[in-house]
Structure formats: structure tokens, C-alpha cells
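Notes to accompany the following structure.
What follows is calculated from the coordinates using simple rules that are stated; it is not laboratory data. In this text, all values refer to a predicted model and were calculated from it rather than measured experimentally. Positions of Cβ are backbone-derived with ideal geometry, glycine not excepted, and every protein chain shown enters the neighbour counts.
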Amino acid sequence: MRIVLGANQYGKAEVRLVRVDRTVPRHDLRDLTVGVTLAGDLTDTHLTGDNSRVLPTDSQKNTVYAFARRYGVDQVEDFGLRLARHFVDSQPAITRARVTLAEHGWRRLGPHSFARDGAQTRTATVTVSGAETVVESGLTGLVLLNSTGSEFAGYVRDPYTTLPETDDRVLATEVEASWRYDAPSLGRDWAGSYAGVRSALVGAFVETYSRSLQQTLYAMGHRVLDTRPEVAEVRLALPNRHHLLVDLTPFGLDNPGEVFVATDRPYGLIEGTVTRAPAEKSDPPPDAAGPADGED
């Protein structure tokens, strides 16, 4: 039996970078975690230990810091594009570079004072492979909740089903989203696009009467593609952050949907991709209206 080397890659993970722009009276702060992954003609280093084509991961880390000084850090997508293209262009053995970025938010308190923002984290992944460049932006940690306007009923029942149907529940999730751009390039209005996609995700969550979290996921992805022409597809992961009604009858109290226990595990996890298709095959827009007459 012949044994061969399969797909492989290497790089520097979780490079912590903080850059302060002191050229303006109101300092600008960027706080990133950057990852670099390289792939290409690296067979010899695996089979014989020949490192002549290996750029040390320490050099990759140093490049992140040097580029932050040389080019600054404004939009994470542009910073990732510069890094990924540099590694492919400067290293003959490297045919693919992937740079992942997570931007940690800070809220301004004054000209040079900040407080860590506990809201969602902005993310980006840039992949350069030959002539192809793919940019994906995203976010994690966006916590959303509807206190009504959600039901769950009509599902499959088997001998192990104990979950009661409900026509009025709390729907909560912590959104993890990524979206791929069509024809990415340096200098695009990444910040405006990010804000627009986030607004579309939140708007669809708020305005969709939900009969399942799957329906809500599709409505959110559909809203992004319908309003942001630069986006080619959206991937979403929505954990169902369950809020369970507390039984207060032992204390002689009713509970008309007011007191809940919020649980963090186990949880349902709904994942899906919403993408563009030819016009004749495209799905209809989601039904964002409320329940029909006679429903609760």
C-alpha cells in the first residue's frame, strides 16, 4: 500500500494586534486578532525536513505588525487583502494564503480614552489563490431576542417527544454570520457594506413572524441579498437560546408568559446558506407578515 501526503497548510494563529493612530487629535484604536494560513509546494518539508521553501510562522507574525505600521489598519478587509496578496506574491512556493481577522470593538469615551465594547465582533476572511481572491465578512456574538411573535408547532412526534407545542414563545439567538462578496477589491466601502448587512439581518429578525428558527434564518439571509447587491451569499448559524417558562403553581402563582429561566445548554443549532440563483429558479421572498386571522 502506497502512503502519500494529503492536503496540508501551516501558519501563525491568533496574532494579537492593537494599533493606535496618533496622527489625529482624536486617537483611533484598532484591536485585531489575525490568523495567517499558507499552502503550496511544501511536500519536502514534510517528507525530508527540507525547510528551504518554508517561511517561518514568526516571519508571518512580524509581517502583520510591519504592515500595520506601513499601511495602517482601517478596514479589516483591506488589511487582510494586503497581507494575503503579499504572501502569495513574495513566496514562490506558496499558492494560497488565507488571512482571518476578528476586530474587537472599543467604545470612545474621549479623545484618547476607550471602553471595551461587549457587542458583536466584526470578522473577515481573505483568501488569495492564484488569480482568485475571495473576501468574506461577518460577525459573531450578535444577541437578538423577540419576546413574542414566534411559535413552534406541527413538528414530527416520535416515542421520545416530550416538547409541548407553543403558539407564543420567546425567540432568542446569538448570530454568527458570514457573507461572501462579489468581485472584491481594495478600497471598497467595507464599513458601509458591513453596516448595511448588519441592519438587514437585524431588521429581518425583528419583522419576521417566526414559525421556526429555520424560517427566521432564511428571512435574514434573503433580506441581506435583496438589499445588498454586492453580497453573493450569506451563511448563518443561529443557536436557539431557550427561554423556558417557570412553573410557579407550587407557590400559588400563575405565569402568563412573564417569568422565564434562560438556559445556555443544551441548545438547538440552526445553520444554513442563502445564495443567489438564476431568476427563474429563485425562491419567493419569505412571509414576514404576522399570523393569519384567528391565530394567536
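Under a Cβ-only charge scheme (Lys and Arg +1, Asp and Glu -1), can you give me the dipole magnitude of the chain about the Cα centre, in debye to the nearest 20?
The calculated dipole for the chain is roughly 1760 debye.
Using the Karplus equation 6.51 cos²θ - 1.76 cosθ + 1.60 (θ = phi - 60°), what ³J(HN,Hα) coupling, rounded to whole Hz, does each residue of segment 149-154 give in order, writing x for Gly and Pro?
These are the phi-based 3J(HN,Hα) values: x, 9, 9, 8, 7, x Hz.
If you consider only alpha-carbon coordinates, what radius of gyration and Dmax does segment 131-289 have, in Å?
18.4, 70
Kindly put Thr162, Thr173 in sequence by how many other C-beta atoms sit within 10 Å of each C-beta, fewest to most.
By the 10 Å Cβ count, ascending: Thr162, Thr173.
Amide H of Asp117: which non-local residues (sequence gap of 5 or more, or other chain) have their own amide H closer than 5 Å, using H built in the peptide plane?
So Asp117 has HN proximity to Gly105, Trp106, Arg107.
Given 20 °C and 1.002 mPa s, how large is the Stokes-Einstein diffusion coefficient of segment 102-220 in µm²/s, with Rh as the Kirkwood radius over Cα pairs?
Translational D for this selection: 124 µm²/s.
Which helices, taking whole DSSP H runs in the chain, have alpha carbons extending 15 angstrom or more along the helix axis plus mean Kyte-Doolittle at least -1.0?
Helices meeting the criterion: 76-90, 190-207, 213-227.
Just to confirm my numbers, what's the Cα centroid distance between segment 64-142 and segment 164-202 in Å?
Rounded to whole Å, the Cα centres lie 18 Å apart.
Order of 76-87, 41-52 by packing, highest average Cβ count within 10 Å first?
Packing order, densest peptide first, comes out as 76-87, 41-52.
(i) 67, 52, 31; (ii) 74, 66, 46; (iii) 71, 46, 35: which one is Cα extents along the principal axes in Å as calculated from this entry?
(ii)
Fully extended, how many nm does the chain gain between Arg107 and Asp167 (0.36 nm per residue separation, minus their Cα-Cα distance)?
This chain segment gains 17.7 nm when fully extended.
Would you calculate, for the chain, the mean residue ellipticity at 222 nm contributed by helices, counting each DSSP H stretch of 4 or more residues as -39,500 (n - 2.57) and dividing by all residues, to the nearest 500?
-7500 deg cm²/dmol
Could you give me the ³J(HN,Hα) list for segment 109-125, computed from phi with Karplus coefficients 6.51, -1.76, 1.60 and θ = phi - 60°, whole Hz, x at Gly and Pro?
Result, rounded to whole Hz: 10, x, x, 9, 10, 9, 10, 4, 8, x, 6, 5, 9, 7, 10, 7, 9.
Once the Cα gyration tensor of segment 175-222 is found, what semi-axes does its equivalent ellipsoid get, as square roots of 5 times the eigenvalues, in whole Å, sorted largest first?
Equivalent ellipsoid of segment 175-222: 25, 11, 7 Å, largest first.
Name the residues whose placed amide hydrogens come within less than 5 Å of the amide hydrogen of Arg96, ignoring near sequence neighbours (fewer than 5 apart) on the same chain.
Excluding prolines and chain starts, which carry no amide H, the hits are Ala39.
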